[in-house]
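To start, the structure under review is shown below, and the notes come after it.
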Amino acid sequence: MRGWLKRSALLAAAFLGCWQPAAAFAAEAPAAAPAPRPAIWLIEDEDTKIYLFGTIHVFPASLDWRSARLDQVIAEADELVMETPDASNEEMFSGDRMFGPMMMGKTVPILSRVSPEARPYLQQALEATGLPIEAYDEMHIWAVAFMLTGFQMTQTFGEEPTGQPVALSGAEEVLGRIFRKSRRPIYGVETIEEQIRVFSTMPLDVQRRFLESTVIGESPSPEDVRPSNDEDWVTGNVDAIAAEMRTMPADLYEPLLTRRNRNWTGWLERRMARPGTVLFAVGAGHLAGPDSVQRMLAERGIMARRID
């Protein structure tokens, strides 16, 4: 059970960086592989450069996503700053660091914690995971939503021809490996515990709506199926990423996006006071739309210039 939970938690962590509504987890029309050109911005002064790079936390390991410009930035940067300093999946999900906070320490039937209208949908979604529904009765509501999000993404990624799950990677995983190999420092603007707190401190009614939103949603018609987040990200289609973020329920948008972007903007402003070259790599959804980090920086007189 722990192995399944670990993979689902890893995938659900992508939720923090790029929101996907339940209906987005649908079969996607095949498309030609785009030339990699993920979006990069730069803020700078006389002695400081900070490159802003929007990431996708989890994607198939076979994805071609690094551009020549990004590789130049990686080579130039003195330090890497991510949402958390944990660059590997093993660090993020070791021991009880992730799973401990998910448990309530008591048992309350999960089906009783959603509206009567949502119960059949939730039951069907939980049964699809292959675990007894009772396995979720000790979890907080937000944790069940978190795990179901991961399971839905697992289904989207599918399996290799061998029947094994598709091998996964992530931008943070790769960047962390590169910077560690070259002995350059890695920092974070948050901790895993702070990220979990974003969910765990939500009011119960917000947690309930979060859970219900993961299981209730109409599947899109074939003509409505749009390219995957991966393609939008790889090609630097920031407008599409911003449009996707606007589908996030308001109850989640403020704590997951606006509040964190405001905190990170303050961190960036303070970092500009010290010399050096920084690669600031955070979820792509935080660098798109009207509440993006760039917009908040502009309000403080710091202009981000897109360089790719």
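The values are calculated or read from the model by the stated rules, or taken from the named source; none is laboratory data. A quick note: this is a predicted structure, and the numbers were derived from the prediction, not measured. Ideal geometry is used to build each Cβ from the backbone, glycine not excepted, and the neighbour counts take in all protein chains shown.
Pairs are defined by a Cβ separation below 6 Å, a sequence spacing of at least 6 or placement on different chains, a first member in the range 295-308 that is at negative phi, and a second member that is among the aromatic types (Phe, Trp, Tyr); the pairs so defined are Ala304/Trp41; Arg306/Trp41. Taken over the range 121-131, the criterion of being loosely packed, with under 12 Cβ neighbours inside 10 Å and assigned to a helix (DSSP H, G or I) is satisfied by Gln124, Glu127. The C-beta contact set for the range 50-63 (first residue in contact (Cβ under 8 Å) with a residue 40 or more places away in the chain and more than 26 Å from Gly276 (Cα to Cα), second residue of a type in the set (Val, Ile, Thr) and part of a loop (DSSP other than H, G, I, E, B), distance under 7 angstrom, 6+ apart or interchain) comprises Pro60/Val166. One residue alone among Glu173, Glu134, Glu117 is exposed (fewer than 15 other Cβ atoms within 10 Å of the Cβ) and part of a helix (DSSP H, G or I), and that residue is Glu134. For the range 137-170, filtering for residues that are assigned to a helix (DSSP H, G or I) and under 22 Å from Ser200 (Cβ atoms) leaves 13.
For the range 107-145, the candidate set comprises residues that are free of Cβ contacts under 8 Å to residues at least 40 places away in the same chain and either touching an Asp or Glu at 6+ places or on another chain (Cβ under 7 Å) or among the β-branched types (Val, Ile, Thr) (or both); within that set, the residue that is nearest to Phe199 (Cα to Cα) is Ile110. Condition first: in contact with a His (Cβ under 9 Å, 6 or more places away or on another chain) and either of a type in the set (S, T, N, Q) or surrounded by fewer than 16 Cβ atoms within 10 Å (Cβ to Cβ) (or both). Can you find one or more residues in the range 264-277 that meet it? Scanning the range 264-277, I find no residue that is in contact with a His (Cβ under 9 Å, 6 or more places away or on another chain) and either of a type in the set (S, T, N, Q) or surrounded by fewer than 16 Cβ atoms within 10 Å (Cβ to Cβ) (or both), so the answer is no. From the list Ala9, Ala32, which residue is modelled with pLDDT under 85 and either outside any helix (DSSP H, G or I) or aromatic (Phe, Trp, Tyr) (or both)? Of the residues listed, the single one that is modelled with pLDDT under 85 and either outside any helix (DSSP H, G or I) or aromatic (Phe, Trp, Tyr) (or both) is Ala32. Here Arg262, Arg246 are screened, and the one residue that is modelled with pLDDT under 90, basic (Lys, Arg) and more than 27 Å from Arg177 (Cβ to Cβ) is Arg246. Beta carbons closer than 7 Å, at least 6 apart along the sequence or on distinct chains, pair a first residue in the range 82-106 that is within 20 Å of Ala171 (Cα to Cα) and modelled with pLDDT of 65 or more with a second that is small (Gly, Ala, Ser) and surrounded by fewer than 20 Cβ atoms within 10 Å (Cβ to Cβ) for Met82/Gly188; Glu83/Gly188; Thr84/Gly188; Pro85/Gly188. Residues of the range 146-173 that are in contact (Cβ under 8 Å) with a residue 12 or more places away in the chain and of a type in the set (Val, Ile, Thr): Thr149, Thr154, Thr156, Val166. If we scan the range 156-170, do we find a residue that is surrounded by 14 or more Cβ atoms within 10 Å (Cβ to Cβ) and in contact with a Ser or Thr (Cβ under 7 Å, 6 or more places away or on another chain)? No, the conditions are met nowhere in the range 156-170. Return yes when Val206 is modelled with pLDDT under 90, hydrophobic (A, V, I, L, M, F, W, C) and either part of a helix (DSSP H, G or I) or over 27 Å from Ala125 (Cα atoms) (or both) and no when it is not. Taking the combined requirement at face value, the residue does not satisfy it. Scanning the range 266-308 for residues that are of a type in the set (D, E, K, R) and part of a helix (DSSP H, G or I) gives Glu269, Arg270, Arg271, Arg295, Glu299.
Only one of Ile56, Ile43, Ile50 is out of contact with any strand residue (DSSP E or B) (no Cβ under 7 Å at 6 or more places or on another chain) and buried (at least 18 other Cβ atoms within 10 Å of the Cβ); which? So the residue among Ile56, Ile43, Ile50 that is out of contact with any strand residue (DSSP E or B) (no Cβ under 7 Å at 6 or more places or on another chain) and buried (at least 18 other Cβ atoms within 10 Å of the Cβ) is Ile56. Scanning the range 139-154 for residues that are out of contact with any Lys or Arg (no Cβ under 9 Å at 6 or more places or on another chain) and of a type in the set (Val, Ile, Thr) yields one hit, Thr149.
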